[in-house]
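Can you read through this structure? Questions will come right after.
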Amino acid sequence: MARRRQIYEGKAKILFEGPEPGTLVQYFKDDATAFNAQKKGIITGKGVLNNRISEFLMLRLAEVGIPTHFVRRLNMREQLIREVEIVPIEVVVRNIAAGSMSTRLGIAEGTRLPRSIIEYYYKNDALNDPMVAEEHITAFGWASPQDMDDIVHLTLRINDFLTGLFLGVGIMLVDFKVEFGRLWENEDMRIVLADEISPDNCRLWDTKTNEKMDKDRFRRDLGRVEEAYQEVAKRLGILPEAGVRDMKGPELMQ
Ligand code: 5GP
C-alpha cells in the first residue's frame, strides 16, 4: 500500500492526507503529554478509546445541529474528517472551578461557578498557550467578530448538551477545551467544531464520588489512568468489549 502523506503530527494525534480532496485522516496515538510536553508518557489504549469517545460525542452533537469536522470512523485508531482552517484559539468552558482557574484565582477546586465561564488561550507552544481576551483575538485577526459570535454560540450549546449527556451517565462535566475551524464550501465559510472531545481535554468527575475520570489522573500521577478512560467509554456505552462492535446507547445511571 502506498504510504500516506503526513500533514501534521501533534502531541496526541497525527493528521494524514485523506482519500478525497478536502478530507484528512486523524490518527489517535497513545502518547500523553502535560504541562506543555514537559511531562510525557503512554496511556495504553488511549488512542482507541479517544477515537471512539470523540466519534460518539461528535455524532451526538451533530444530531442536535452542531456542525463538526467529523465524517466517519475508519478503524480502531483513525477517523475521516473534513479539512478545516483551524482557528488558533483554545476555547475553554468551565462549570466548576479546577485546574489553572483554581490556581490563578485561588478558588477551591470543586467550587460550582455562578455561571459557565468561557476563556480563550492562544495556541502557541513557544508561548505556553497564553490566556487572551476576545479583544486580542479580533485585533490580531486570529478570528473575526463574526467568527467569535459563532464560536461563543456553538460553545454554549456544546456545553449545555454535553453537561446533560454526561450527567445522564453519572459524570460531571467540570470543564473542557474545544477548537474550531473554518470550513470552506465554494465561497461560503462556516465555523465548525474540530479537533476531538475526549477525557484528554475534558475534566470529568464521578457525580457520586467526585473521582477524576480524565487526564488529570495522568497529570497528577493519580494512577488507574487507562481504567478511567475505559470507564468513561463504558458509561457512554461504547467500550469495544468483544472486539469492535456497533455502538450502543448511553447506559443510564440512577
Ligand atoms: P486548565 O486551564 O485548567 O489547565 O484546563 C482547562 C480544561 O481545558 C481542562 O479540561 C483541560 O483538559 C483542557 N485543556 C486546556 N488546555 C489544554 C491543552 O493544551 N490540551 C488539552 N488536551 N486539553 C487542554
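The values are calculated or read from the model by the stated rules, or taken from the named source; none is laboratory data. Since the structure is predicted, the reported quantities are computational estimates derived from the model, not experimental observations. FYI the Cβ positions are ideal-geometry reconstructions off the backbone, even for glycines, and counts take in every protein chain you see. Keep in mind that these areas ignore ligands, DNA and RNA; they rest on the heavy atoms of the full protein, side chains included. Shrake-Rupley method; radii C 1.70, N 1.55, O 1.52, S 1.80 Å.
Taking springs between alpha-carbon atoms closer than 10 angstrom, which of P114, P199, P145 fluctuates most in the Gaussian network model of the chain?
So, out of P114, P199, P145, the one fluctuating most is P114.
Between E134 and L167, what length in nm is gained on full extension when 0.36 nm per residue of separation is reduced by their alpha carbon distance?
Values: separation 33, 0.36 × 33 = 11.88 nm, distance 3.02 nm.
Full-extension gain reported as 8.9 nm.
Quick one: how many Å² of S54 are accessible to a 1.4 Å probe, rounded to 10?
0
Mind ranking Y8, Y122, Y229, Y27 by accessible surface for me, highest first, 1.4 Å probe?
On the way: Y8 130, Y122 45, Y229 0, Y27 65 Å².
Result, largest first: Y8, Y27, Y122, Y229.
Given R₀ = 30 Å, what would the calculated FRET efficiency be for S100 paired with V152, taking r from the Cβ atoms and rounding to 0.05?
On the way: r = 20 Å, r/R0 = 0.67.
FRET efficiency, S100 to V152: 0.90.
On a full-extension model of 0.36 nm per residue, what is the gain between A62 and D160, subtracting their alpha-carbon distance, rounded to one decimal in nm? Each step should come with its number before you reach the end.
Details: separation 98, 0.36 × 98 = 35.28 nm, distance 1.39 nm.
Residue separation times 0.36 nm, minus the Cα-Cα distance, leaves 33.9 nm.
Continuing with the same structure: Taking the Cβ of L113 as the center, what net charge do the other residues with Cβ under 10 Å away carry, scoring Lys and Arg +1 and Asp and Glu -1? Numbers along the way, then the final one.
Numbers: positive: R94, R112, R115; negative: D175.
Once positives and negatives cancel, what remains is +2.
Please arrange K46, K208 by accessible surface area, largest first, computed with a 1.4 Å probe and ligands excluded. Please list the in-between numbers first.
Values: K46 5, K208 160 Å².
Greatest to least solvent exposure: K208, K46.
Need one number: nm distance between label points at A37 and A126, each 7 Å from Cα along Cα→Cβ, rounded to one decimal.
1.3
Do the alpha carbons of any pairs in K40/K215; K11/K46; K123/K212; K11/K39; K13/K46; K11/K40 sit beyond 19 Å of each other, and which pairs? Kindly include the intermediate steps, with their values, before the conclusion.
Values: K40/K215 12 Å; K11/K46 13 Å; K123/K212 26 Å; K11/K39 11 Å; K13/K46 11 Å; K11/K40 9 Å.
Too far apart for the 19 Å limit: K123/K212.
Would you please report the Å³ per residue occupied by the convex hull of the alpha carbon atoms in the stretch 83-177? It would help to have the intermediate numbers written out before the result.
Numbers: hull volume 12.1 nm³, N = 95.
Hull volume over Cα atoms, normalised by residue count, gives 127 Å³.
Any idea what the dipole of the chain comes to, in debye rounded to 20, about its Cα centre with Lys/Arg Cβ at +1 and Asp/Glu Cβ at -1?
The dipole magnitude comes to about 860 debye.
Just subtract the alpha-carbon distance of D188 and Y8 from 0.36 nm times their residue separation and send over the number in nm, one decimal.
Length difference between fully extended and current span is 62.3 nm.
For W205, W142, give me the order by solvent-accessible area with a 1.4 Å probe, most accessible first, ignoring ligands, DNA and RNA. The partial results should precede the final answer.
Working: W205 15, W142 50 Å².
So the residues, ranked largest to smallest area, are W142, W205.
Please work out the Kirkwood hydrodynamic radius for the stretch 105-254, using every pair of different C-alpha atoms, and report it in angstroms with one decimal place.
For the stretch 105-254, the Kirkwood estimate is 17.6 Å.
For the stretch 103-246, what is the accessible area per residue in Å², given a 1.4 Å probe and the full set of protein chains?
Details: 7290 Å² over 144 residues.
Spelled out: the 1.4 Å probe surface of the stretch 103-246, per residue, equals 51 Å².
What is the sum of charges, Lys and Arg at +1 and Asp and Glu at -1, for the other residues whose Cβ falls under 9 Å from the Cβ of G181? Working shown, then result.
Numbers: positive: R82, R182; negative: E83, E85, E179, D195.
That works out to -2.
Still on this model: For K29, give me every one of the aspartates and glutamates with a C-alpha distance below 13 angstrom, ignoring sequence neighbours fewer than eight places off in its own chain.
Here the aspartates and glutamates satisfying the reach criterion relative to K29 are E9, E78, E196, D200.
Quick one: grab Rg to one decimal and Dmax as a whole number for the stretch 1-134, Cα atoms only, in Å.
Considering the stretch 1-134 through its Cα atoms, Rg and Dmax are 17.1, 55 Å.
May I pose another question? Could you work out the relative contact order of the chain, using alpha carbon pairs under 8 angstrom and six or more residues apart, expressed as a whole percent? Could you put the intermediate results ahead of the total?
Numbers: 449 pairs, mean separation 42.5, N = 254.
Contact order relative to length: 17 percent.
Only four residue types carry charge here, +1 at the Cβ of Lys and Arg and -1 at the Cβ of Asp and Glu. Report the dipole size of the stretch 1-68 about the Cα centre in Debye, rounded to the nearest 20.
Numbers: 11 positive and 7 negative charges, 62 e Å.
That gives the stretch 1-68 a dipole magnitude of about 300 debye.
When the chain is treated as a GNM, springs tying every alpha-carbon pair under 10 Å, which of E78, E226, E20 comes out with the largest mean-square fluctuation?
E20
Show me 79-90, 30-41 ranked by packing, highest mean number of other Cβ atoms within 10 Å first.
Descending mean neighbour count gives 79-90, 30-41.
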